[in-house]
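Report on one structure; see the data block that follows.
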Amino acid sequence: MTTTTLDERIAKPRLLDRLVVRPEIGALLGAVVVFLFFTLVTDQFFSGSGVATWLDDASTLGIMAVAVSLLMIGGEFDLSAGVMTASTALVTATLATQAGWNVWLALFASLVFALAVGAFNGWLVMRTGLPSFIVTLGTFLALQGLNLGITRLVTGTVQVSGMRSTDGYESAGFVFASTVDVGGTAFQISIVWWIGFAVLAAWLLVRTRFGNWIFAVGGNAQSSRAVGVPVVRTKIMLFMTTALAAWLVGSINILRFASVQANQGIGLEFQYIIAAVIGGCLLTGGFGSAIGAAIGALIFGMARQGIVFARWDSDWFMLFLGVMLLSAVLVNNAFRRRAERVRR
């Protein structure tokens, strides 16, 4: 009698092996733990209004975290992402309220501005070879100064308001700042934008040639260039994607709240990066998930609002943030090593 064994190269991988190669699995487990914890701690957390609140909290952060995750997978950072959300909102608000532009035209102008800054960041990083950390830190400082200086020059204050009386506000507000009624509870349209953006980014990342390029340039730019990957174009497009997301978030904020502060958005860039890392992105590039980044933002929203619902001191959120970041880095590294063994 003879026996045959199945070649391990063609054997069907175990369920556990299939799961560990997914960068977002750690974030998903973390999200379940946070959800169950606050559901047990406070009754309001899982109510209709509670769910709407923490989803709303996570939505704009999630839009940016998804875009930042693509950039990080591509091996770069953008420290100007947070202040860019304020810059685009200020451009829209200033043109609409001070220059009398239709809101849709002002939104288009702010979109062009955002894409131009994103393209400049990408071009400068690739042209000079400087770390994107340094280049975008310079952009961050420049935009911060422009926001404050131009706002003071135009309005005499550090705030631009009065959007509700501008031409085109109602139709633009419906697209970017309306609510959707679900079971008698109003959910912000920003949640829909967040989900749509995450799904689109995930499809782009795993189903298109451009997604393959993103992983390639983040893993090894020199080897990617040698096999014909357009490294410069890919990285510039990634910076422009982050700027596009900042424009979307800035548009949502200005149309929802009808005013914007010149110092808004400062410091948020670190939250975007942390959410992406919690979602499975490595700081070294070449590994990560857009869906994972969206889940990382969800963890943010649940934890921040869960602490409020539980009536704890909000300072505990920063402790949670630090613990989550360190845990995510350790878990991501462990999953990556396991994934590499599985793929062999």
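The values are calculated or read from the model by the stated rules, or taken from the named source; none is laboratory data. Values in this document were obtained by computation on a predicted structure and should not be read as measured data. We place every Cβ from the backbone using ideal geometry, glycine too, and count neighbours over all the protein chains shown. Accessible surface areas use protein heavy atoms only, side chains included; no ligands, DNA or RNA. Shrake-Rupley method; radii C 1.70, N 1.55, O 1.52, S 1.80 Å.
Does any residue of the range 3-19 turn out to be within 25 Å of the chain's Cα centre (by Cα) and either buried (at least 21 other Cβ atoms within 10 Å of the Cβ) or modelled with pLDDT under 95 (or both)? I'd like the intermediate steps shown before the answer.
Initially, the range 3-19 is screened for residues within 25 Å of the chain's Cα centre (by Cα), giving 19.
When the remaining residues are screened for being either buried (at least 21 other Cβ atoms within 10 Å of the Cβ) or modelled with pLDDT under 95 (or both), the result is 19.
Yes: one or more hits.
Residue by residue through the range 106-115, note down the ones that are of a type outside the set (Phe, Trp, Tyr) and either without any contact (Cβ under 8 Å) to a residue 60 or more places away in the chain or open to solvent by less than 10 Å² (accessible area, probe 1.4 Å) (or both).
So the first thing to find is which residues in the range 106-115 are of a type outside the set (Phe, Trp, Tyr), and the list is 106-107, 109-112, 114-115.
Of everything in the range 106-115, those that are of a type outside the set (Phe, Trp, Tyr) and either without any contact (Cβ under 8 Å) to a residue 60 or more places away in the chain or open to solvent by less than 10 Å² (accessible area, probe 1.4 Å) (or both) turn out to be Ala106, Leu107, Ala109, Ser110, Val112, Ala114.
From the list Asp56, Asp43, Asp78, pick out the single residue that is over 17 Å from Gly292 (Cα atoms), free of Cβ contacts under 8 Å to residues at least 60 places away in the same chain and of a type outside the set (A, V, I, L, M, F, W, C). Explain how you work it out, then say what you get.
Working: Asp56 fails: free of Cβ contacts under 8 Å to residues at least 60 places away in the same chain; Asp78 fails: free of Cβ contacts under 8 Å to residues at least 60 places away in the same chain.
After ruling out the rest, the residue left standing is Asp43.
Within the range 92-102, work out how many residues are assigned to a helix (DSSP H, G or I), open to solvent by 10 Å² or more (accessible area, probe 1.4 Å) and touching a residue at least 60 places away in the same chain (Cβ under 8 Å). Walk me through how you get there before you give the answer.
First, pick out the residues of the range 92-102 that are assigned to a helix (DSSP H, G or I): 92-97.
Filter again for open to solvent by 10 Å² or more (accessible area, probe 1.4 Å), leaving 94-95, 97.
The next check asks that each one be touching a residue at least 60 places away in the same chain (Cβ under 8 Å); those that pass are 94, 97.
Number of matching residues: 2.
Collect the residues in the range 295-306 that are open to solvent by less than 10 Å² (accessible area, probe 1.4 Å) and of a type outside the set (Phe, Trp, Tyr), keeping them in residue-number order.
At the first step, the residues of the range 295-306 found to be open to solvent by less than 10 Å² (accessible area, probe 1.4 Å) are 296-297, 299-303, 306.
Result: Gly296, Ala297, Ile299, Gly301, Met302, Ala303, Gly306.
Is it the case that some residue within the range 288-301 is closer than 30 Å to Val231 by Cα, part of a loop (DSSP other than H, G, I, E, B) and either out of contact with any Asp or Glu (no Cβ under 6 Å at 6 or more places or on another chain) or among the polar types (S, T, N, Q) (or both)?
Pass one, the range 288-301, residues closer than 30 Å to Val231 by Cα: 288-297.
Next, only the ones that are part of a loop (DSSP other than H, G, I, E, B) stay: 288-289.
Within this subset, residues satisfying the condition of being either out of contact with any Asp or Glu (no Cβ under 6 Å at 6 or more places or on another chain) or among the polar types (S, T, N, Q) (or both) are 288-289.
There is at least one residue in the range 288-301 that is closer than 30 Å to Val231 by Cα, part of a loop (DSSP other than H, G, I, E, B) and either out of contact with any Asp or Glu (no Cβ under 6 Å at 6 or more places or on another chain) or among the polar types (S, T, N, Q) (or both).
Pick out the one residue from Phe108, Phe133, Phe77, Phe120 that is in a helix (DSSP H, G or I) and in contact with a helix residue (DSSP H, G or I) (Cβ under 9 Å, 6 or more places away or on another chain). It would help to see each step written out before you state the result.
On the way: Phe108 fails: in contact with a helix residue (DSSP H, G or I) (Cβ under 9 Å, 6 or more places away or on another chain); Phe133 fails: in contact with a helix residue (DSSP H, G or I) (Cβ under 9 Å, 6 or more places away or on another chain); Phe77 fails: in a helix (DSSP H, G or I).
Exactly one residue qualifies, and that residue is Phe120.
Touching a residue at least 12 places away in the same chain (Cβ under 8 Å), surrounded by 15 or more Cβ atoms within 10 Å (Cβ to Cβ), more than 20 Å from the chain's Cα centre (by Cα) and more than 19 Å from Leu244 (Cβ to Cβ): does that describe Gly173?
On the way: touching a residue at least 12 places away in the same chain (Cβ under 8 Å): yes; surrounded by 15 or more Cβ atoms within 10 Å (Cβ to Cβ): yes; more than 20 Å from the chain's Cα centre (by Cα): yes; more than 19 Å from Leu244 (Cβ to Cβ): yes.
Spelling it out, Gly173 is indeed touching a residue at least 12 places away in the same chain (Cβ under 8 Å), surrounded by 15 or more Cβ atoms within 10 Å (Cβ to Cβ), more than 20 Å from the chain's Cα centre (by Cα) and more than 19 Å from Leu244 (Cβ to Cβ).
Considering Arg209, Arg164, which residue is surrounded by fewer than 18 Cβ atoms within 10 Å (Cβ to Cβ), of a type outside the set (S, T, N, Q) and closer than 30 Å to Gly286 by Cα? Talk me through it step by step, then tell me what you get.
On the way: Arg164 fails: closer than 30 Å to Gly286 by Cα.
After ruling out the rest, the residue left standing is Arg209.
Would the range 175-187 turn up any residue that is farther than 30 Å from Asp56 by Cβ, modelled with pLDDT of 95 or more and assigned to a loop (DSSP other than H, G, I, E, B)?
Filtering the range 175-187 for residues farther than 30 Å from Asp56 by Cβ gives none.
There is no residue in the range 175-187 that is farther than 30 Å from Asp56 by Cβ, modelled with pLDDT of 95 or more and assigned to a loop (DSSP other than H, G, I, E, B).
Within the bounds of the range 232-247, is there any residue that is surrounded by fewer than 19 Cβ atoms within 10 Å (Cβ to Cβ), over 30 Å from Trp104 (Cα atoms) and modelled with pLDDT of 95 or more?
yes
Which condition from (1) open to solvent by less than 50 Å² (accessible area, probe 1.4 Å); (2) touching a residue at least 24 places away in the same chain (Cβ under 8 Å); (3) under 20 Å from the mean Cα position of the chain (by Cα) is the one that Gly196 breaks?
Single failed check for Gly196: (2).
Looking at Val83, is it farther than 21 Å from Ile273 by Cα and either part of a helix (DSSP H, G or I) or open to solvent by less than 30 Å² (accessible area, probe 1.4 Å) (or both)? First the steps, then the outcome.
On the way: farther than 21 Å from Ile273 by Cα: no; either part of a helix (DSSP H, G or I) or open to solvent by less than 30 Å² (accessible area, probe 1.4 Å) (or both): yes.
For Val83, the condition - farther than 21 Å from Ile273 by Cα and either part of a helix (DSSP H, G or I) or open to solvent by less than 30 Å² (accessible area, probe 1.4 Å) (or both) - is not met.
Considering Leu70, Leu107, which residue is under 19 Å from the mean Cα position of the chain (by Cα) and modelled with pLDDT of 95 or more?
Details: Leu107 fails: under 19 Å from the mean Cα position of the chain (by Cα).
Going through Leu70, Leu107 in turn, just one is under 19 Å from the mean Cα position of the chain (by Cα) and modelled with pLDDT of 95 or more: Leu70.
Which one is farthest from Ala275 (Cα to Cα), of the residues in the range 308-321 that are surrounded by 11 or more Cβ atoms within 10 Å (Cβ to Cβ) and not aromatic (Phe, Trp, Tyr)?
So in the range 308-321, the residues surrounded by 11 or more Cβ atoms within 10 Å (Cβ to Cβ) come out as 308-310, 312, 316-317, 320-321.
Checking which are not aromatic (Phe, Trp, Tyr) leaves us with 308, 310, 321.
Numbers: Val308: 20, Ala310: 22, Leu321: 9 Å.
Selected residue: Ala310.
Gly145 is checked against (1) open to solvent by 50 Å² or more (accessible area, probe 1.4 Å); (2) of a type outside the set (A, V, I, L, M); (3) free of Cβ contacts under 8 Å to residues at least 60 places away in the same chain and fails just one. What number does that condition carry?
(1) is the only condition that Gly145 fails.
Test of understanding: among Ala31, Ala86, which residue is of a type outside the set (Phe, Trp, Tyr) and at pLDDT 95 or above? Talk me through it step by step, then tell me what you get.
Numbers: Ala31 fails: at pLDDT 95 or above.
Just a single option satisfies the conditions, and that option is Ala86.
Taking the range 212-231 as the search range and keeping residues that are among the aliphatic types (A, V, I, L, M) and assigned to a loop (DSSP other than H, G, I, E, B), which one is surrounded by the fewest Cβ atoms within 10 Å (Cβ to Cβ)?
Looking only at the range 212-231, we keep the residues that are among the aliphatic types (A, V, I, L, M), and these are 214, 216-217, 221, 226-227, 229, 231.
With the extra rule that they be assigned to a loop (DSSP other than H, G, I, E, B), the set shrinks to 227, 229.
Working: Val227: 7, Val229: 20.
Among those that are among the aliphatic types (A, V, I, L, M) and assigned to a loop (DSSP other than H, G, I, E, B), it is Val227.
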